Amino acid sequence: MPSTSRLLHRLSLIAALLCAHASAEQRSLSQGWLFKAGPVPEAQRAAFDDKGWRRITVPHDFSIMDKADGSPPFDAKAVGGQDSGYLPGGQGWYRHRLDLSAADAARVLRLNFEAVYMNADIWLNGEHVGNHRYGYTAFTLDLTGKARAGENVIVVRVNHVDPSSRWYAGSGLIRPVTLDLLDPVHIAPDSVFVTTPVATAERGDVQVSAGIANRGKSPARVELISTVVGTSDAALAQARRQLTVAARGSVDVTQRLAVPQPKLWSPDAPNLYTLVQEVRVDGVVKDVRRTRFGIRTVTADATNGLRINGRKVLLRGGNIHHDNYMLGAAGSPDADARKVALMKQAGYNAIRSAHNPASQATLRAADELGMLVIDEAFDMWRISKRDADSSRFFDSDWRQDIDSLVTSGRNHPSVLFWSVGNEIPEQGTPAGARTARELAARIRRLDPTRPVTQGVNMDTPHNAVQFAELDVAGYNYRAHLFGSDHLTHPARVMYTSESTSKDAFRYWDPVETMPWVIGDFVWTSFDYLGETGIGWMGYSQDWKQLGAYPWHLAYCGEIDATGRKRPAAFYRQVLWKTGIDPVAAFVEQPPGTADLPDRDMFKTHPELDWSLEDLHPSWSWRGQEGKPLKVVVYSEHPEVELFLNGRSLGRRAVDRATAYKTDYRVPYAAGRLVAVGYRDGKPAASWELRTAGAPAAITLQADRQQVRANGEDLVYVSAALVDSDGAPVYAQGGDRHVTVTVKGAGTLAGAGNGNPMDASSLQSGRRSTFHGRLVAVVRAGTDAGPIDVEFAAQGLPVQRVRIDAVAR
Ligand code: GAL
């Protein structure tokens, strides 16, 4: 085609896409919900009087909310105990008034819940329209023909019976709720599946399958136009198909498109495309569906390891749970995305979504930022781990839950493997193998392109029973088996699905030296609510003391609950040779300092101890003058030198033989401690810790200056104490009580400090700093205007930050 006509052709494609008016629509139902905790008789009735119910925003977690009297929700007697972070489950009711025009009420209506924890029952105008039990899978209710013009009342009852989980699960509408309004002729939303069987620099083959549904009373002559568009919205490839869809019928269509010279997706270059599918009947656009995807291939074998687009990738992985600390389990899209972004910034390139399907926001952020995801289905199958957990309905529900996992995740290029489960009690038995086979078969039917895996904590030879059913073998805490298992199973692709942070080197070294070991996922990259105190004491300690109330965080996260990197995260950056902080130095807390809870580690169990080292980014140890303190230096560079107040404390070689670290004993004197890394004999990087005086100011940093006035966008404002020279105040009595107030076009969604023992309110805005820091989360309202966030720290000048909420 000559270039002008090619241009015209392109323009006409673009014009066609732009003209495609929104015949199909998706509405966010984040606003307008009323909530009441506890059993509320008759609340499902449309006419029920809900005056006095609390107005809330979805996603919402009622377990994290302060009690009616304003006291914090943590309770030493909570049934979930240590598992749930001493937070309760219980019943909760949600009511939403949905106004529909007559035209809208006559459309195909699909009410989508991304996750409700758990045992949800749903009513529309008093009629029971559905239920869903597993708390982490998306489900849709077909309300077509059931809604009326005018006001409709949607009611959801959540019945979270404790104990249901080994970690903090939260309760309620924990992920987004949306409503699809469609024409009778439409693309069945879950039917779309985009794969890219060929992905080279020259050519990307895009294979699309989709189901076209006709809910109308007469057959429809349909044209399906599928177009691949790039970031500039230019149409890069198009396929058209004419078909007839019978009345109340559906037709499956497969199309193949070729994108010339595609920009491939990989963790280092997360290039994305959008498939725009348009359905026309008699030339009129009836549905437009946009599906974002990436062009990439994935292979894994024991000789070449994991390869994306033919290039080897080592999985620098972290396990995460779904909670967002100060927001509880509310999976607000910005909060979920922030976790992914902070992990990416810390050098991780992979996430294991432990032990349940990841949210769409997590997957979207992973697509955009270049994170690979192991998307996991279950923590248990038929044999329970807790009395009221999801094993109760595994038999009846697993098919729908697996289908939901796969159909909602399979178009995300970030999704690498499907995991059928974690430390499943029946693993290694014939029953365990049979279930894995069934689950894997169902997954492969919906997505034959991705390997199926499982996190298995069994020794050889028992693990072989389970691994025989899987494509890739996930080992929990078993680096010692990688050599010997390879001899007996040379074709097995292995990775560490869970490891202890303190053993980072031992788990990473095989990834670099054994081609069949493709990665390591630490437990955990991000701190989380529940499993309290596992990062604090080893298993040899008295279980009754382990994580006793007021502990509520696990405290094993390499990034703390507020998003701050702890020393273990810096070590990992060095091990992984990320170049992010090539040299970093931290100080072991000396005995006699009263800086709870980062002290008195018990490192007793060689494999199972999730505690981190008692190291701190601080050179402020008043009272320790002249005493030798242990300073640990991590370095990517082959030599390091430590200086105290300009005086050298010696130069050391650092390499694989020293596990990329070295430690010094340094007699404490206030001042500046500087670590310098050398490459080729020349200084290449440095790191400084400064002794801080008393706090003189609180400094604020907002992660964005502008939000959309959509009632959902979040801003994270981090506050840090500094002394009169601007040095960060970390410890030693420096912490201050702070009151955070939000005025104007937003509200305070939560505030937290990462202190695993500070069980004070996460919503009141009154909280102390921890290690000199506090993070507040501000949510945009639905009106545009300025949002003023004020931090008043005891005895210090008030600080303010202004954020603009702009019209959507
Ligand atoms: C593992 C388990 C994780 C977490 C971790 C730390 O065995 O799979 O979910 O419980 O131990 O306790």
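Quick notes
- Just one residue in the set 713, 723 is over 29 Å from the mean Cα position of the chain (by Cα) and crowded, with 16+ Cβ neighbours inside 10 Å; that residue is 723.
- Odd one out for residue 487, checked against (1) outside the structural domain of residue 313 (by TED's automatic domain parsing); (2) surrounded by fewer than 21 Cβ atoms within 10 Å (Cβ to Cβ): (1)
- Filter result (surrounded by fewer than 24 Cβ atoms within 10 Å (Cβ to Cβ) and within 16 Å of the ligand (Cβ to nearest atom)) within the range 132-166: 163, 166
- Contacts under 7 angstrom Cβ, first residue in the range 465-480 being farther than 14 Å from residue 519 by Cα, partner among the hydroxyl-bearing types (Ser, Thr, Tyr) and more than 12 Å from the ligand (Cβ to nearest atom), 6 or more apart: 470/453; 471/453
- Only listed residue being part of a helix (DSSP H, G or I), outside the structural domain of residue 63 (by TED's automatic domain parsing) and either in contact with a strand residue (DSSP E or B) (Cβ under 6 Å, 6 or more places away or on another chain) or within 16 Å of the ligand (Cβ to nearest atom) (or both), chosen from 341, 366, 358: 366
- Output for the range 425-455, where each listed residue is within 16 Å of the ligand (Cβ to nearest atom) and either under 25 Å from residue 370 (Cβ atoms) or in contact with a Gly (Cβ under 6 Å, 6 or more places away or on another chain) (or both): 426, 453, 454, 455
- From the options 351, 374, 383, residue that is in a loop (DSSP other than H, G, I, E, B), among the β-branched types (Val, Ile, Thr) and either at pLDDT 95 or above or within 16 Å of the ligand (Cβ to nearest atom) (or both): 383
- Strands (runs of 3 or more DSSP E) within the range 758-808 that include 3 or more residues in contact with a Ser or Thr (Cβ under 8 Å, 6 or more places away or on another chain) and crowded, with 23+ Cβ neighbours inside 10 Å: 773-780
- Scanning the range 168-195 for residues that are in a loop (DSSP other than H, G, I, E, B) and crowded, with 24+ Cβ neighbours inside 10 Å, we see that the one that is farthest from the ligand (Cβ to nearest atom) is 173.
- When 476, 463 are screened for being within 16 Å of the ligand (Cβ to nearest atom) and closer than 28 Å to residue 328 by Cβ, only 476 passes.
- Selection count, the range 369-426, where residues are more than 24 Å from the chain's Cα centre (by Cα) and surrounded by 22 or more Cβ atoms within 10 Å (Cβ to Cβ): 0
- Subset of the range 768-807 (residues that are among the basic types (Lys, Arg) and within 21 Å of residue 728 (Cα to Cα)): 773, 800
- Residue match in the range 491-498 (condition: aromatic (Phe, Trp, Tyr), over 24 Å from residue 632 (Cα atoms) and more than 15 Å from the ligand (Cβ to nearest atom)): no
- Note on the range 80-105: residues that are assigned to a loop (DSSP other than H, G, I, E, B) and closer than 19 Å to residue 125 by Cβ amount to 1.
- Residues in the range 82-131 that are of a type in the set (A, V, I, L, M) and either surrounded by fewer than 21 Cβ atoms within 10 Å (Cβ to Cβ) or in contact with a helix residue (DSSP H, G or I) (Cβ under 8 Å, 6 or more places away or on another chain) (or both): 100, 102, 103, 105, 106, 108, 118, 129.
- Residue 407 within 16 Å of the ligand (Cβ to nearest atom), of a type in the set (Ser, Thr, Tyr) and in contact (Cβ under 8 Å) with a residue 60 or more places away in the chain: no
- Of all residues in the range 414-455 being of a type in the set (Val, Ile, Thr), touching a helix residue (DSSP H, G or I) at 6+ places or on another chain (Cβ under 7 Å) and in contact (Cβ under 8 Å) with a residue 40 or more places away in the chain, the one that is nearest to residue 383 (Cα to Cα): 424
- The condition of being among the acidic types (Asp, Glu) and within 15 Å of the ligand (Cβ to nearest atom) holds for only one of 509, 471, 503, that being 503.
- Within the range 310-328, the set of residues being crowded, with 24+ Cβ neighbours inside 10 Å and more than 16 Å from the ligand (Cβ to nearest atom) comprises 315, 316, 324, 325, 326, 327, 328.
The values are calculated or read from the model by the stated rules, or taken from the named source; none is laboratory data. Quick caveat: nothing in here was measured; it's all calculated off a predicted structure. Neighbour counts are summed over all protein chains in view; Cβ atoms, including those assigned to glycine, are modelled from backbone coordinates with ideal geometry.
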